[in-house]
Amino acid sequence: MDKLLITGGQRLSGELRISGAKNAALPILAATLLSEKPVSIGNVPHLHDITTTLELLGRMGVQFVVDEKMNIEVDSGTIANCEAPYELVRTMRASILVLGPLLARFGEARVSLPGGCAIGTRPVDIHLDGLSKMGADIRVEGGFIHARAKRLKGCRLVLEQVTVTGTENLLMAATLASGTTYIENAAKEPEVTDLAHFLNKLGARIKGIGTDILEIEGVEKLDTENLHYQIMPDRIETGTYLIAAAITGGRVKLKNARTDTLDAVLDKLSEAGADITTGTDWITLDMHGRKPKAVSVRTAPYPAFPTDMQAQFTALNAIAEGVGIITETVFENRYMHVQEMQRMGANIRLESNTAICTGVARLTGAPVMATDLRASASLVLAALAAEGQTLVDRIYHIDRGYDHIEEKLSQLGATIRRIPR
Ligand code: EPU
């Protein structure tokens, strides 16, 4: 397994281009299963999760061509089978996103049930409940979800809890259903909005985009010719590099960023003492060599503070002035990074879903273990601020969601090196 060796203490400074959003690219690639015509997707990030999604689509018989700029031409005209096997779903929970499109277009899907994961149990009951309300016959047997429906029927769905991939699965399924579907208490995350815009370009009829009530008038086919769609920039990658600058007292300009999707994160960074300037597609952050002030954050669905930025703010608080209280309300077990940061000298106390962080004068480098994607990013951030060398193990987690992280951080002046297994 590859490792990252980081020597901390460099004040980061420079410019970077933000990549396409992982969590928009995954549902949009799954949504190409709905289309009878080839589609072209641009600004796709170069990530392990994208490779897994393409492998999954390829196993079903989807044809695709990837060019050197990560433009992907996908042709789902013919599909040989409607199955998502265990060995792929096991490595990427987002594989569940093929369930809605397969069922809607082919009347059948067989998708391995995702298991638990490092950040919590993460059930898919809301996805399944919604599809059965739309008329699907759903059985769970031998670890697989078997779903069948001649044609899904539009209906009113009130989601019991805000779920991002749950909303996306039901939204995709509803585009080809007969009649109108209403999804209430829908997730409003920008990635859900990006998917909805893509579906409308494909010929779907979705209203209420960006709100918590989506109205979808089902159509017979999605067959727009010559569609090219650009994936939105990654707001979590943007937030992570902003913290890389903030935690080292540095300065960064991020280009191809979507400032309008980052309000809660930018507010907290300003509160931490960062000088932030934004344009339509760029952000600069300058700490002027200062140490950040500790901030308190509470995670919740968009537009509130994102759970995917919680670990990175924990790292920031670890070296900040004062005490910051982090409250995680979305996932039940998303503090795996805390123990590793404690090994670097952080003073963080966990009390159920709260992390009380008292900033220390300095962290010291240590061998640490990545446990999930955002936890790994937070350890890299802590390492950038620490004295001495940190070896981050199991960085396959980071390769799932950060496009060329060591190259981008080196570009900002970090001393970081990948050590191949
Ligand atoms: N939940 C249920 N039942 C369901 C679905 C969800 O109880 O049927 C619960 C979950 O267990 C969790 C909460 O609802 O406690 C919210 O989970 P959600 O379904 O919104 O999460 P997700 O769709 O599985 C996506 C992102 C995650 C991100 C969350 C929250 C993708 C591919 N994944 O996951 O991204 O943390 O939304 O914003 O979009 C990451 O990129 O590192 C990542 C984990």
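The values are calculated or read from the model by the stated rules, or taken from the named source; none is laboratory data. Nothing here was measured: the structure is a model prediction, and the numbers come from that model. As a convention, Cβ positions derive from the backbone with ideal geometry for all residues, glycine included, and neighbour counts pool all protein chains shown.
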Filter the range 102-141 for residues that are aliphatic (A, V, I, L, M), part of a loop (DSSP other than H, G, I, E, B) and within 13 Å of the ligand (Cβ to nearest atom); which is surrounded by the most Cβ atoms within 10 Å (Cβ to Cβ)?
-> Ile119
Is there any pair linking a residue in the range 184-195 that is in a strand (DSSP E or B) to one that is within 11 Å of the ligand (Cβ to nearest atom), with Cβ under 8 Å and at least six apart or on different chains, and which?
-> Glu184/Leu159
List the number of the failed condition for Met70; all other conditions in (1) aliphatic (A, V, I, L, M); (2) buried (at least 19 other Cβ atoms within 10 Å of the Cβ); (3) within 12 Å of the ligand (Cβ to nearest atom); (4) farther than 25 Å from Thr180 by Cα hold.
-> (3)
Which listed residue, of Glu55, Glu87, is within 26 Å of Met336 (Cα to Cα) and among the charged types (D, E, K, R) | Glu87
The listed residue being surrounded by fewer than 22 Cβ atoms within 10 Å (Cβ to Cβ), of a type in the set (Gly, Ala, Ser) and within 30 Å of Ser76 (Cα to Cα), out of Gly203, Gly249 = Gly203
Report, by residue number, each residue of the range 149-172 that is part of a loop (DSSP other than H, G, I, E, B) and under 25 Å from Val330 (Cβ atoms).
-> Leu159, Glu160, Gln161, Val162, Thr163
Do we have Ala355 as without any contact (Cβ under 8 Å) to a residue 60 or more places away in the chain, within 14 Å of the ligand (Cβ to nearest atom) and of a type outside the set (S, T, N, Q) here?
-> no
Just one listed residue, out of Leu170, Leu159, is within 13 Å of the ligand (Cβ to nearest atom), closer than 16 Å to Gly208 by Cβ and in contact with a His (Cβ under 8 Å, 6 or more places away or on another chain), and it is Leu170
Here is a list of conditions, (1) within 16 Å of the ligand (Cβ to nearest atom); (2) at pLDDT 95 or above, and Asp75 meets all of them except one; can you say which number that is?
-> (1)
Could you list, in sequence order, all residues of the range 173-183 that are away from the ligand (no atom under 16 Å from the Cβ) and either hydroxyl-bearing (Ser, Thr, Tyr) or assigned to a strand (DSSP E or B) (or both)?
-> Thr175, Ser178, Thr180, Thr181, Tyr182
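Quick check on the range 79-89. Is at least one of its residues within 27 Å of Thr329 (Cα to Cα) and either surrounded by fewer than 22 Cβ atoms within 10 Å (Cβ to Cβ) or touching a helix residue (DSSP H, G or I) at 6+ places or on another chain (Cβ under 7 Å) (or both)? Walk me through it before giving the result.
Of the range 79-89, the ones within 27 Å of Thr329 (Cα to Cα) are 89.
This time we only want the ones that are either surrounded by fewer than 22 Cβ atoms within 10 Å (Cβ to Cβ) or touching a helix residue (DSSP H, G or I) at 6+ places or on another chain (Cβ under 7 Å) (or both), so: 89.
Scanning the range 79-89, I find at least one residue that is within 27 Å of Thr329 (Cα to Cα) and either surrounded by fewer than 22 Cβ atoms within 10 Å (Cβ to Cβ) or touching a helix residue (DSSP H, G or I) at 6+ places or on another chain (Cβ under 7 Å) (or both), so the answer is yes.
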Inspect the range 14-21 for any residue being in a strand (DSSP E or B) and surrounded by 24 or more Cβ atoms within 10 Å (Cβ to Cβ) and give the result as yes or no.
-> yes
Any pair with Cβ under 7 angstrom, 6 or more apart, that starts in the range 255-284 at a residue that is under 13 Å from Glu237 (Cα atoms) and ends at one that is small (Gly, Ala, Ser) and in a helix (DSSP H, G or I) | Leu262/Gly239; Val265/Gly239
Those residues of the range 78-93 which are at pLDDT below 95 and either among the basic types (Lys, Arg) or within 16 Å of the ligand (Cβ to nearest atom) (or both) amount to Leu88, Val89, Arg90, Thr91, Met92, Arg93
Sort out for me the helices (runs of 4 or more DSSP H) sitting completely within the range 347-416 that have 2 or more residues that are closer than 22 Å to Ser19 by Cβ and hydroxyl-bearing (Ser, Thr, Tyr).
-> 373-385
Leu242: over 30 Å from Asp286 (Cα atoms) and surrounded by 23 or more Cβ atoms within 10 Å (Cβ to Cβ), yes or no?
-> no
Within the range 22-53, residues assigned to a helix (DSSP H, G or I) and farther than 30 Å from Leu242 by Cβ come out as Thr32, Leu33, Leu34
In the range 30-58, what residues are more than 11 Å from the ligand (Cβ to nearest atom), closer than 18 Å to Leu99 by Cβ and either of a type in the set (S, T, N, Q) or touching a residue at least 12 places away in the same chain (Cβ under 8 Å) (or both)?
-> Ala31, Thr32, Leu33, Leu34, Ser35, Thr52, Leu54, Glu55, Leu56, Leu57
Does Leu384 count as in contact (Cβ under 8 Å) with a residue 24 or more places away in the chain, surrounded by 15 or more Cβ atoms within 10 Å (Cβ to Cβ) and more than 23 Å from Val338 (Cβ to Cβ)?
-> no
